[in-house]
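Comments concern the structure below.
The values are calculated or read from the model by the stated rules, or taken from the named source; none is laboratory data. Remember, predicted model here, so these are calculated numbers, not experimental data. As a convention, Cβ positions derive from the backbone with ideal geometry for all residues, glycine included, and neighbour counts pool all protein chains shown.
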Amino acid sequence: MTSTVITGIGELITNDAELGELTDAALVCEGDRVTWVGPAARAPAADSAVDVAGRAVLPGWVDSHTHLVFAGDRTAEFAARMSGEPYSAGGIAVTVEATRAASDDELAATLRRHAAEAAAQGTTCLETKTGYGLTVEDELRAARLAAAEVDEVTFLGAHLVPPGQDADEYVRLVSGEMLDAVAGHVRWCDVFCERGAFDAEQSKRVLAAARDRGLGLRVHGNQLGPGPGVQLAVELGAASADHCTHLDQSDVDALAGSETVATLLPACDLSTRQPLPPARELLDAGAAVALASNCNPGSSYTTSMAFCVTTAVLQMRMTVREAVRAATWGGARALRRESGDGAVGVLRPGARADVHVLDAPSATWLAYRPGVPLTHAVWRAGRRLR
Ligand code: NIG
């Protein structure tokens, strides 16, 4: 196994409680793991050395919420929205039709292209969902294709009741035959618990069936208006409640008193002209917060975690440290990958060697220089990607 020492780190954010934040630091990777972190002056020798000349280093972004198994384009829908049309869950059906019509090769190529685009911007751990198939065969295909390309796969058969189908019949299909078909390819199950998609009772049926099959749970909730999604996520012990745009105090308190991560998706809120989520209230109440891109062709067509961090700081009153932590450690926590051997979202001995070097002396530049591409170098599992 070869080792690399990264020297000349001006500012190192580790997200590790003991290591904290270091200046004039170095970091050693061996194989796919971090093996040493500390002051540059005490760095051990390694097979090769990379001097990052005073730049800031952080864990690679952990994007814990995307929908990348899709085909087709919704530019016109987006343009109409920017002219005042409201976003509606019904738009999902447009992508479902295009996705069903695409070949495996087309879907895999699109998924790979977006995963590569994300990696080039510092995303080193990526979750993606099914949910644009909505038949047993198409959801299984999406799960299989996703499992070959990304770190974590979530089954989202309960994304929308396919047009023309009976809702209860569809929920029966999702929580029975469809779940059985995909369960071997996914770790998580999600539901879109929202007016126009699935109500609390239907969502609960799907999630309970998934839990019975050993899957972890996540919930899309409170995206387009107040609703039961967040409370349901907490009640069922879901790993994350995603969106969290329209929360009341009882939702904030429920998240703060739970192990459920509030995953905020600011690029989606901006792209659908929704308010931004109450990040400050969540953090002040003690909730665990993640930031994710929600990359999908309808409500949030970006892979840029830096954009989410910048928005969180400039418009959601998060500090730079809070936003960076939410986009790294927070995402890892939402995927239950923040601790133990091979952890992501942290830089400590034993963690996966997912390293993001910014072309900046400090992570503060992510907000101080909004919109400027700042990724200088990326290692994923010890392999240099750029
Ligand atoms: O997270 N909320 C539901 N699903 C996606 C939207 C998908 C779409 O419009 O295609 C989301 O925003």
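Reported count of residues in the range 64-77, each being more than 13 Å from the ligand (Cβ to nearest atom) and touching a residue at least 24 places away in the same chain (Cβ under 8 Å), is 0. Checked against (1) outside the structural domain of Ala120 (by TED's automatic domain parsing); (2) surrounded by fewer than 24 Cβ atoms within 10 Å (Cβ to Cβ); (3) touching a strand residue (DSSP E or B) at 6+ places or on another chain (Cβ under 9 Å); (4) in a helix (DSSP H, G or I), Ala367 passes all but condition (3). For the residues Ala285, Ala290, the requirement of being out of contact with any Asp or Glu (no Cβ under 7 Å at 6 or more places or on another chain) and either more than 12 Å from the ligand (Cβ to nearest atom) or within 18 Å of Leu247 (Cβ to Cβ) (or both) singles out Ala290.
Residue-by-condition table, conditions (1) under 17 Å from Leu207 (Cβ atoms); (2) not hydroxyl-bearing (Ser, Thr, Tyr):
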site	(1), (2)
His220	yes, yes
Val230	yes, yes
Val234	yes, yes
Ser250	no, no
Ala256	no, yes
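Taking residues in the range 291-304 that are assigned by TED's automatic domain parsing to the domain that holds Thr66, and partners anywhere that are more than 10 Å from the ligand (Cβ to nearest atom) and among the acidic types (Asp, Glu), the pairs with Cβ atoms closer than 7 Å and at least 6 places apart or on different chains are Ala292/Asp63; Ser293/Asp63; Pro297/Asp73; Thr303/Glu117. Of all residues in the range 154-178, those satisfying the criterion of being crowded, with 19+ Cβ neighbours inside 10 Å and closer than 20 Å to Gly221 by Cβ are Thr154, Phe155, Leu156, Gly157, Ala158, His159, Leu160, Val161, Tyr170, Val171, Val174, Ser175. List the number of the failed condition for Ala80; all other conditions in (1) away from the ligand (no atom under 16 Å from the Cβ); (2) assigned by TED's automatic domain parsing to the domain that holds Gly330 hold. Evaluating Ala80 over (1) away from the ligand (no atom under 16 Å from the Cβ); (2) assigned by TED's automatic domain parsing to the domain that holds Gly330 leaves (1) as the failure. Those helices (runs of 4 or more DSSP H) of the range 296-343 in which 3 or more residues are within 16 Å of the ligand (Cβ to nearest atom) occupy 305-316.
Tell me, please, whether a residue that is under 30 Å from Thr23 (Cβ atoms), touching a residue at least 60 places away in the same chain (Cβ under 8 Å) and of a type outside the set (A, V, I, L, M) can be found in the range 281-289. No: the range 281-289 contains no residue that is under 30 Å from Thr23 (Cβ atoms), touching a residue at least 60 places away in the same chain (Cβ under 8 Å) and of a type outside the set (A, V, I, L, M). Inside the range 41-58, residues that are under 32 Å from the mean Cα position of the chain (by Cα), assigned to a loop (DSSP other than H, G, I, E, B) and without any contact (Cβ under 8 Å) to a residue 60 or more places away in the chain make up a count of 1.
When the residues of the range 159-209 are filtered to those that are within 21 Å of the chain's Cα centre (by Cα) and among the charged types (D, E, K, R), which remaining residue is farthest from Ala93 (Cα to Cα)? The selected residue is Arg187.
Residue by residue, here is whether (1) within 16 Å of the ligand (Cβ to nearest atom); (2) assigned by TED's automatic domain parsing to the domain that holds Gln274; (3) buried (at least 23 other Cβ atoms within 10 Å of the Cβ) holds:
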position: Thr99; (1), (2), (3): yes, yes, yes
position: Gly122; (1), (2), (3): no, yes, yes
position: Val136; (1), (2), (3): no, yes, no
position: Ala146; (1), (2), (3): yes, yes, yes
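Within the set Gly345, Gly340, Gly371, Gly350, the sole residue that is free of Cβ contacts under 8 Å to residues at least 60 places away in the same chain and either over 21 Å from Ala290 (Cα atoms) or among the small types (Gly, Ala, Ser) (or both) turns out to be Gly340.
Take the conditions (1) farther than 26 Å from Cys244 by Cα; (2) within 16 Å of the ligand (Cβ to nearest atom); (3) touching a residue at least 12 places away in the same chain (Cβ under 8 Å); Thr128 misses just one of them, which is (1).
The set of residues in the range 214-244 that are touching a strand residue (DSSP E or B) at 6+ places or on another chain (Cβ under 8 Å) and part of a loop (DSSP other than H, G, I, E, B) comprises Leu215, Asn222, Gln223, Gly227, Pro228, Leu236, Gly237, Ala238, Ala239, Cys244. Just to be sure, is Leu224 buried (at least 18 other Cβ atoms within 10 Å of the Cβ) and more than 16 Å from the ligand (Cβ to nearest atom)? It is false that Leu224 is buried (at least 18 other Cβ atoms within 10 Å of the Cβ) and more than 16 Å from the ligand (Cβ to nearest atom). If the condition is being closer than 21 Å to Leu270 by Cα and surrounded by fewer than 23 Cβ atoms within 10 Å (Cβ to Cβ), then the range 285-309 contributes Tyr301, Thr302, Ser304, Phe307.
Within the range 59-80, if we keep just the residues that are assigned to a loop (DSSP other than H, G, I, E, B) and out of contact with any Cys (no Cβ under 9 Å at 6 or more places or on another chain), the residue that is nearest to Asn15 (Cα to Cα) turns out to be Val69. Checked against (1) over 21 Å from Ala120 (Cβ atoms); (2) more than 16 Å from the ligand (Cβ to nearest atom), Thr263 passes all but condition (2).
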